[in-house]
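What follows is a set of notes on a single structure, which appears directly below.
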Amino acid sequence: MKQAGKFVAIALLILSLLAVPVVQAGTLRKGFLFTQARSQLIKHGWRPVNIHAGENYEYFGTETALIESHIYELESCAVDRPLCIFNYRQGKRCLRLVTRGEELPNMRIESWSSRCPPP
């Protein structure tokens, strides 16, 4: 019985490490201000990924305001909801943030994943 308990503990530890390898502990929390999270990510070595570099992607609405604020890691913003997607990379690891809000000072983290942006 003790062996099973150790196995479960080790399995949970490994799963927890795999679930949150994306960022430093405490950097991301749902509801956290995007501008503060972005600053912390960059401080911890995450680099913005401009997936639209070299293409003629047409920004509009909230997207235009973000690009004008030099937030080039923007993938896109939804038209029907106040959600935007941003991409970062640290070595071979990826971070994809989803924010809620239509104005940069009020945008908050909604969710995140370790998915890499589309090629």
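The values are calculated or read from the model by the stated rules, or taken from the named source; none is laboratory data. The structure presented is a predicted model; accordingly, all values stated were derived computationally and were not measured. Note that each Cβ is placed from the backbone with ideal geometry, even for glycine, and that neighbours are counted across all protein chains shown. Just so you know, the surface numbers come from the protein's heavy atoms only, side chains and all, with ligands and any DNA or RNA stripped out. Shrake-Rupley method; radii C 1.70, N 1.55, O 1.52, S 1.80 Å.
Listed values, structure above:
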item: Most to least accessible of Cys84, Cys116 (protein chains only, probe 1.4 Å); result: Cys116, Cys84
item: Per-peptide average of other Cβ atoms within 10 Å, ordering 51-64, 29-42 highest first; result: 29-42, 51-64
